[in-house]
Amino acid sequence: MKHFLKETDLQPHEVAEVFALARDFKAKRGRHVPPVLANQTWALIFSKSSTRTRVSFEVGIHELGGNPLFLNRNDVQLGRGETIEDTAKVLSRYVHGLIVRTYDHSDVEQLAAAGSVPVINALTDFLHPCQIYTDAFTMAERWVGADGDLLGSLRGRKIAFLGDTACNMANSWVLGAGLFGMKLSLSGPAEFAPTDEFKALAKAEGFEDVYEFTTDPTEAVEDADVVYTDVWVSMGKEEETEERLAQMAPYQVNIPLFERAKPDALFMHCLPAHAGEEVSANVLKHERCIIFDEAENRLHTQKAIMAVLAQQARA
């Protein structure tokens, strides 16, 4: 059974298929699209609230001919009154796929190991692969050449990721950069450098040399094709707000810093954005800020991921 728990769970030819499908789904939205999830129900298990993730998956399942079933943390016994393994086995008897947004990455791993339907990681505190595929597709739309090779258009491009470089998005960008043949410069306070746990994963994937870490944000953005950031205080870290804001202040993406990147560099953010914290308001309004293209493409890319997994599950 194929799952999508981390970026490298799909092989390069499967990534190319996801990108091609996302482009096709986007172009044909509102017209006939093969109902690849017809007569299927996919459950969304969310321990963390969401706007883009929930709406894009629910709409996507519906547009592929399926039925979305939303379950929040109060609707299921996940890890409380019932083991994760038992929950996976029970739900596998009812639904055709699980989309999980939770805190501990081990939860999605246990669900995948014990169940018999595809599991998609819709975010954990460790990784956010759906966002990375979406971001890469969004970049490729801008850069693809006449040959139409979306995946090839990413090779050799540089991303500068600023702020909390131990967060799930930074972790995922290391795996994504390695998979897509990109270069990555991480920049943040030394105490927020990639963790030993993540370094072990990067080494196991053969991606320990994909990225560099620097405490100098100016150095990081030099020659960058994309300047990327995320919130400094993630869900569950609210008690650290004051300390994090003070530590991260030098890593705000503002106009002077953004202008140190390539003249045609893009600004990206997975949202929600906090203007005046990790990014200045004028960068969010910049003509090369493509955050709403990213948000839209969550729908198309996730539809493509579900389609690929569903097709493989039927094979």
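The values are calculated or read from the model by the stated rules, or taken from the named source; none is laboratory data. Remember, it's a predicted structure, so these values are computed and weren't measured experimentally. Using ideal geometry, Cβ is built from the backbone for each residue, glycine included, and neighbour counts are taken over all protein chains shown.
Brief remarks on what is shown
- For the range 2-50, a residue qualifies if it is touching a Phe, Trp or Tyr at 6+ places or on another chain (Cβ under 7 Å), of a type in the set (Gly, Ala, Ser) and not in a helix (DSSP H, G or I), and exactly one does: SER47.
- Sole residue being small (Gly, Ala, Ser), closer than 18 Å to PHE192 by Cα and either in the same structural domain as SER116 (by TED's automatic domain parsing) or modelled with pLDDT of 95 or more (or both), chosen from ALA249, ALA265, ALA261: ALA249
- Hits in the range 51-77 - residues which are in a helix (DSSP H, G or I) and either on the phi > 0 side of the Ramachandran plot or touching a Pro at 6+ places or on another chain (Cβ under 6 Å) (or both): GLU58, ILE61
- Residue check for ARG298: in contact (Cβ under 8 Å) with a residue 12 or more places away in the chain, touching a helix residue (DSSP H, G or I) at 6+ places or on another chain (Cβ under 9 Å) and either within 30 Å of LYS28 (Cα to Cα) or among the hydroxyl-bearing types (Ser, Thr, Tyr) (or both): yes
- Neighbours by Cβ (under 6 Å, 6+ apart or cross-chain): first from the range 154-168, assigned by TED's automatic domain parsing to the domain that holds TYR211 and of a type in the set (Phe, Trp, Tyr); second crowded, with 24+ Cβ neighbours inside 10 Å and part of a loop (DSSP other than H, G, I, E, B): none
- Taking the range 201-315 and the helices (runs of 4 or more DSSP H) fully enclosed by it, the elements with 3 or more residues that are small (Gly, Ala, Ser) are at 291-314.
- Residues that are of a type in the set (Val, Ile, Thr) and surrounded by 23 or more Cβ atoms within 10 Å (Cβ to Cβ) were ranked within the range 101-124; the one that is farthest from MET169 (Cα to Cα) is VAL117.
- Residue match in the range 41-55 (condition: crowded, with 21+ Cβ neighbours inside 10 Å and either modelled with pLDDT under 95 or farther than 30 Å from GLY178 by Cβ (or both)): yes
- For the range 93-140, a residue qualifies if it is of a type in the set (Asp, Glu) and not in a helix (DSSP H, G or I), and the qualifying residues are ASP104, ASP125.
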